[in-house]
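Enquirer: I'd like to ask some things about the structure below.
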Amino acid sequence: MPHLTYSTGYNSLIERLNRFPQGAPPSELLTRILSMLFTEKEAELLSRLPVRPFTATMAAHLWEMREVEAFRILDGLADRALMLDMEQDNGERIFVLPPPISGFFDFSLMRVRSDVDQKSLSELLYQYLNLEEDFVRDLFVEGRTRLGRIMVGEDEVAPAHVTRVLNYERASEVIKGAWKIGLANCYCRQKMHHIGRACSASMEMCMIFNGLADSLIRHGNAREIDQVECLDFLQQAREQNLVQFAENAQHGISFICNCCGCCCEALVAARKFSHLHPVHTTNYVVHLKEDLCCGCGRCIDACPAQGVSLVSAKDAQHHWMRKCVLDTERCLGCGVCVRVCKSGALSLVPRKERVITPVDGAHRVVLMAIERNKLQHLIWDNRAMFSHRAMAAVVGAVLKLPPVKQALAESQLGSRYLHAMIQRHADMPKRQTHRY
């Protein structure tokens, strides 16, 4: 379908997607993927929508149509998991166009459906995401702030350090703190299943929480479960030596994927670009007691990042003996190797420096936008429609940044208002000191 490459509607949507910090490099493959998910008319309409959340009233204004018609289109897209909707405290429905990854690419394969050719879509996604490197590099390598982070195996942390594991580092605590929980098929394994390369790990293992779960459940794209059932699935995932990969935030975490090293795009990127640290590790790293290692190799098979290897033990009496060697630069700190070690030679200990985790999703998006020179799109995109609440959220996230990042944000926006807010924030300790 070479004509799709020149389609105005799909090109406009690609340009709109790339205004968000997490974009999608243009290519003929991407155009073909979008053409399977959206009609050209839908693509053209979506290209006019703002990056931030919006109402049906706003969409109707931008699309120059009646509000009831705009709502029908948006609600239909939400039914197909191509749009997310959330209900405000005042009952008003707001919508947001999700990014491709941890967004509509994933949602399109999170349940079996007949409205899209999932096998053909999987083949295109595999080519675009797994074989070509542009998207993976753009998503996992550009900038310093990552989309996701590895969660530590709570039971694998050495007893002396277990009290240092914070609640947002524990998958069990994220589950217990969620007000809505959904479960869906693992997008990565579903994609690999359709091309005949899936592993034997359980398919229904994608955990989604709170607002994201509410939208996907209401539209039939995930099934609702309670905390007890979710904790059971977490235990099953650990028994299968799957790695917990979560949204990179301390609060308001919207997903935890239970990932295998063979199918998961994040873990594949962690191996392929290990020197660039494409996913945030945990705050722990594996430690080896060499005298306890029996050289069995279980840890090698379990490690998703190829951070463990076996070498000769150089034992003159036992030439066949092997011993474990760690590559701590590759170590994700997940603890799977500790879980499978039968000799007690491996344990998780704190890293020398803690990994910085954004406070929430807004904080992460602002950091990613600054690093990718896209902050202006979060604020000035359809600026006449920008609400005071949304502006306050972005400015609040900027004020949490260190001075260097604040300076970058200020230079990208060229905003006198932001400059004044940063100066006022910086002067606050001085004024408070002066009072006393």
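Enquirer: HIS275 to ASP232: extension gain in nm, 0.36 nm per residue of separation minus the Cα-Cα distance?
Expert: That works out to 12.0 nm of additional length.
Enquirer: Right, here's the next one. Taking amide H positions as placed in the peptide plane 1.01 Å from N, state which residues far from ASN18 in sequence (5 or more) or on other chains have amide H under 5 Å from it.
Expert: ALA24
Enquirer: Enumerate by residue number the trypsin sites (Lys or Arg not before Pro) in the range 225-329 meeting two conditions: DSSP loop (anything except H, G, I, E, B), and at most 14 other Cβ atoms within 10 Å of the site's Cβ. Mind dumping the intermediate values first?
Expert: On the way: sites: ARG238, ARG271, LYS272, LYS289, ARG298, LYS314, ARG322, LYS323; in loops: LYS289, LYS314.
Taking the range 225-329 and a limit of 14 other Cβ atoms within 10 Å, the loop trypsin sites (Lys or Arg not before Pro) found are LYS289, LYS314.
Enquirer: Report the label-to-label distance for ASP327 and MET65 in nanometres (one decimal), using points 7 Å from each Cα along the Cα→Cβ vector.
Expert: 5.2
Enquirer: I need LYS180, LYS41 ordered by Cβ neighbour count within 10 Å, fewest first.
Expert: Working: LYS180 18, LYS41 10.
By the 10 Å Cβ count, ascending, the order reads LYS41, LYS180.
Enquirer: Let me ask something else about it. Starting from the Cα of VAL116, step 7 Å along the direction of its Cβ; do the same at THR39; then give the gap between the two resulting points in nm.
Expert: 1.7
Enquirer: Related question: Binning at 10 Å from 0, report for the range 148-281 what percent of all alpha-carbon pair distances ends up in each bin.
Expert: Cα pair-distance distribution for the range 148-281, in percent: 12, 41, 37, 9, 1.
Enquirer: So, one more: Give me the one-decimal nm value for the distance between modelled label points at GLN250 and ILE356, 7 Å along each residue's Cα-to-Cβ direction.
Expert: 1.3
Enquirer: Please report the spacing between the Cα centers of the range 111-130 and the range 236-288 in Å, no decimals.
Expert: With the range 111-130 and the range 236-288 each reduced to a Cα centre, they are spaced 23 Å.
Enquirer: Nothing charged except the Cβ atoms of Lys and Arg (+1) and of Asp and Glu (-1): what's the magnitude of the dipole of the range 148-281 about its Cα centre? Round to the nearest 20 debye. Before the final figure, lay out the partial values.
Expert: On the way: 13 positive and 14 negative charges, 103 e Å.
The dipole magnitude comes to about 500 debye.
Enquirer: Now a separate question. Quick one: order SER215, SER120 by neighbouring beta-carbon count within 10 Å, fewest to most.
Expert: Details: SER215 25, SER120 13.
Arranged by neighbour count, lowest to highest, SER215, SER120 become SER120, SER215.
Enquirer: Also, I was wondering about something else. Among the aspartates and glutamates, which fall within straight-line cross-link reach of LYS272, defined as a Cα-Cα distance under 16 Å, with same-chain neighbours fewer than 8 residues apart omitted?
Expert: The reachable aspartates and glutamates, counting only those whose Cα sits under 16 Å from LYS272, are GLU132, GLU133, ASP134, ASP138, GLU142, ASP327, GLU329.
Enquirer: Rg (Å, one decimal) plus Dmax (Å, integer) for the alpha carbons of the range 25-184?
Expert: Just the Cα atoms of the range 25-184 yield Rg and Dmax of 19.3, 63 Å.
Enquirer: Checking the cross-link filter: which aspartates and glutamates have an alpha carbon closer than 18 Å to that of LYS342, excluding same-chain neighbours under 8 positions apart?
Expert: Candidates past the 8-residue exclusion: GLU154, ASP155, GLU156, GLU239, GLU290, ASP291, ASP301.
Any read-out appearing in this document is the output of simple, stated calculations on the displayed coordinates, not a laboratory observation. Everything quoted here is computed from the prediction, not taken from an experiment. No Cβ is skipped: glycine too gets one built from the backbone with ideal geometry, and neighbour counts run over all protein chains shown.
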